[in-house]
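Rule-based calculations on the coordinates, nothing more; no lab input. Predicted model only: the values in this text are computed from it and were never measured. For neighbour counting, all protein chains shown are included, and Cβ atoms are generated from backbone atoms with ideal geometry for every residue, glycine included.
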Amino acid sequence: MGQTDKQFGGFLRLVIASLRKAIAAEDIETMRAMLQELLTDLQNTLED
């Protein structure tokens, strides 16, 4: 079953929020950890 435009928009908002938090991180290690978590979540979504 496909996503509706609203569901896809919500998904993008979550990804964008995660990226903004990573960019605002105080140090590079925190940013890397946040980006790795996002990548893991996205990969898990594909595998579900």
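For the chain, the list of GluC sites (Glu not before Pro) that fall in a loop by DSSP and count at most 15 other C-beta atoms within 10 angstrom reads 26. Whole-Hz Karplus values for the stretch 38-48 come out as 4, 4, 4, 4, 5, 5, 4, 4, 5, 7, 6 Hz, taken residue by residue from phi with 6.51 cos²θ - 1.76 cosθ + 1.60 and θ = phi - 60°; glycine and proline positions read x. Only Lys, Arg, Asp and Glu carry charge here, each on its Cβ (+1 for the first two, -1 for the last two); on that basis the chain has a dipole of about 260 debye about its Cα centre.
Based on the Stokes-Einstein relation at 10 °C and a viscosity of 1.306 mPa s, and on the Kirkwood radius from alpha carbon pairs, the chain is assigned a translational diffusion coefficient of 136 µm²/s.
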